[in-house]
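Trainee: The following block contains the structure, expressed as structure tokens.
The values are calculated or read from the model by the stated rules, or taken from the named source; none is laboratory data. What you see is a predicted model; the values in this text were computed from it and never measured. Cβ: placed from backbone, ideal geometry, glycine included. Neighbour counts: every protein chain shown. Accessible surface is based on the protein model in full, side chains and every heavy atom, while ligands, DNA and RNA are left aside. Shrake-Rupley method; radii C 1.70, N 1.55, O 1.52, S 1.80 Å.
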Amino acid sequence: MINSLKNTLLFVTLIILQVWVFNNISLWGFMTPYLFLYIVLKVRVDIGHTTLLFIGFFTGLILDIFQNTLGMQAAATTALAFVRPYTLNLFFKTSDFQPKERPSLNRFKFGGFLKYVVVAVFVHHTVLFFLEAFTFHHFFQTLEKAFFNTLFTSSGIFVIEMLTQKKEK
Amino acid sequence: MHNLLLFLGKYRSFFVFLFLEAVSVGLVATSYSYQGSLVVNTVNDFTGGILETLSNVSGYFALKKENELLVEENATLRSNCPEAFLITDTNTVYVDTLYRFIPAHVVYLTLNKSSNYFMINKGKRHGIKKESGVISTTGIAGIVIGVSDNYALVLSLLNPHFAVSARLKKYGTLVSVLWDGEDYRYGKMIDIPSHLELSVGDTLVTTGYSTVFPEGMLVGFVEEYQPAPEKEFAEGKIRFATDFKTLQDVYVVDHLKKAEMEKLMEEAND
């Protein structure tokens, strides 16, 4: 009960912060941290793949409604949700996970969590930036944007993770 | 059939993934084109309300700058009042009012997307109509593409779907102004007859040929220009007169004779 309340609070807070604060940040004209992805990244490890896809889709869609970018975030976040289990399997053994465990810095250690976050976020950003450009004309330019933005978003996610971890101890 | 179900069951997540992606991309595609955005974009009063509350709070941080701009504008307006002139011209002919300006406040704005929009807190109830021009205190800003009861969505000048024709004040020549998606401060001007000699800071104003913007509103200033004598037309870079980063108070242009003009056009076309 307390857990689901905490989750709802995290969800609402991150969405509001994304719309109100993070979306207004634009470093060098294009770098915006999409820290709401933290919601999808922190979903339980043992959740069903289909359920995860729907969580991703609706999280993205809610953001789209606020940003008037109907479909863009939804597509990108769904893609993240799709690759998340594969990313986890790539870097970790599934048998290592405890039931109901959430991906965390404490358990994955710095390197593990970094790889997980960077790969997942990069998938999201690639889809998002290409949909935004809606063309493959500036292929490498778009890919470069997605890459640098990934570093920016990932650092932000690490900060959130560190801030919330302290509390849990 | 059984095998098909088994197959679908085994790769269920993949098909769900494909389905959700198809839905999302479909949504993007329909709202992408300029025509599509005119039809599809339903401005939502609910999200509009939330965004307005948020903007009310963040607006406080920019009050000082905003006040300065308003004071400047007041000064300009005052200098145009009859009282500002020593000798009042008694021969002035008063014509019918052609434009009405509806003040509005920006509640949501993007700068760094490939297509940018902003939302304002006036809608149908306040007489806002689709395809009306929106101007800031310093220049033109966008065009209304969706209206709900209390809010309107504006296609920003920072949008590849928005090209506006402008007049070089120095020569009276028409050029096209558009945004190349790079920087919210700068746009591109094309179709400049290459014999013209432009210098940095030359002014571009609206033509008044459409009912969207009144004549002579600031569009921007020439920032970079290299003449290309070998070609027929040259290109250049302009700085927009409107600073989108600080955009808060705008005016929606209501052309009062628009219906009459459109009727005349229709009659001529029949």
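Trainee: Of the conditions (1) modelled with pLDDT of 85 or more; (2) surrounded by fewer than 23 Cβ atoms within 10 Å (Cβ to Cβ); (3) β-branched (V, I, T), A:T77 satisfies every one except a single condition; which number is it?
Mentor: Condition not satisfied by A:T77: (2).
Trainee: Take segment A:114-169 and flag every residue that is outside any helix (DSSP H, G or I), within 13 Å of chain B (Cβ to nearest Cβ) and open to solvent by 80 Å² or more (accessible area, probe 1.4 Å). Walk me through how you get there before you give the answer.
Mentor: Taking segment A:114-169 and keeping what is outside any helix (DSSP H, G or I), we get A:134-138, A:169.
This time we only want the ones that are within 13 Å of chain B (Cβ to nearest Cβ), so: A:134-135, A:137-138.
Matches in segment A:114-169: A:F134, A:H137, A:H138.
Trainee: Given (1) open to solvent by less than 60 Å² (accessible area, probe 1.4 Å); (2) in a helix (DSSP H, G or I), where does A:T8 come up short, assuming only one miss?
Mentor: The number of the failed condition is (1).
Trainee: In segment A:80-104, how many are open to solvent by 10 Å² or more (accessible area, probe 1.4 Å) and assigned to a helix (DSSP H, G or I)?
Mentor: Filtering segment A:80-104 down to residues open to solvent by 10 Å² or more (accessible area, probe 1.4 Å) leaves A:82-83, A:85-86, A:89-102, A:104.
Subsequent filtering for residues that are assigned to a helix (DSSP H, G or I) retains A:82-83, A:85-86, A:89-91, A:94-96.
The qualifying residues number 10.
Trainee: Search segment A:16-33 for residues that are facing chain B (nearest Cβ under 9 Å) and pair each with any residue that is β-branched (V, I, T) and surrounded by fewer than 18 Cβ atoms within 10 Å (Cβ to Cβ) when their beta-carbon atoms are under 7 Å apart and the residues are at least 6 apart or on different chains.
Mentor: A:T32/A:I25
Residues checked against (1) under 30 Å from B:S114 (Cβ atoms); (2) of a type in the set (F, W, Y):
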residue: A:Y38; (1), (2): yes, yes
residue: A:V43; (1), (2): yes, no
residue: A:H49; (1), (2): no, no
residue: A:L63; (1), (2): yes, no
residue: A:T78; (1), (2): yes, no
residue: A:V83; (1), (2): yes, no
residue: A:Q98; (1), (2): no, no
residue: A:E101; (1), (2): no, no
residue: A:R107; (1), (2): no, no
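Trainee: If you scan segment B:82-134, which residues turn out to be of a type in the set (A, V, I, L, M, F, W, C), assigned to a loop (DSSP other than H, G, I, E, B) and modelled with pLDDT of 65 or more?
Mentor: So in segment B:82-134, the residues of a type in the set (A, V, I, L, M, F, W, C) come out as B:84-87, B:93, B:95, B:98, B:101-102, B:104, B:106-107, B:109, B:111, B:118-120, B:128, B:134.
If we keep only those that are assigned to a loop (DSSP other than H, G, I, E, B) as well, we get B:85-87, B:93, B:95, B:98, B:111, B:128.
Within segment B:82-134, B:L98, B:L111, B:I128 meet the criteria.
Trainee: With respect to B:Y186, determine if the residue is open to solvent by 90 Å² or more (accessible area, probe 1.4 Å) and among the hydroxyl-bearing types (S, T, Y). Talk me through it step by step, then tell me what you get.
Mentor: Values: open to solvent by 90 Å² or more (accessible area, probe 1.4 Å): no; among the hydroxyl-bearing types (S, T, Y): yes.
Judged against the criteria, B:Y186 is not a match.
Trainee: Only residues that are open to solvent by 20 Å² or more (accessible area, probe 1.4 Å), outside any strand (DSSP E or B) and either closer than 25 Å to B:R100 by Cβ or touching a strand residue (DSSP E or B) at 6+ places or on another chain (Cβ under 9 Å) (or both): list them for segment B:220-240, please. Break it down stepwise before answering.
Mentor: Applying the first criterion (open to solvent by 20 Å² or more (accessible area, probe 1.4 Å)) to segment B:220-240 yields B:221, B:223-227, B:229-233, B:235, B:237, B:239.
Next cut, outside any strand (DSSP E or B) only: B:226-227, B:229-232.
Residues satisfying the conditions are B:Q226, B:P227, B:E232.
Trainee: Continuing with this model, one more query. What number of residues in segment A:34-65 are open to solvent by less than 30 Å² (accessible area, probe 1.4 Å) and at the interface with another protein chain (Cβ under 9 Å from one of its Cβ atoms)?
Mentor: 7
Trainee: Conditions: (1) surrounded by fewer than 16 Cβ atoms within 10 Å (Cβ to Cβ); (2) without any contact (Cβ under 8 Å) to a residue 24 or more places away in the chain. A:N68 meets all but one. Number of the miss?
Mentor: (1)
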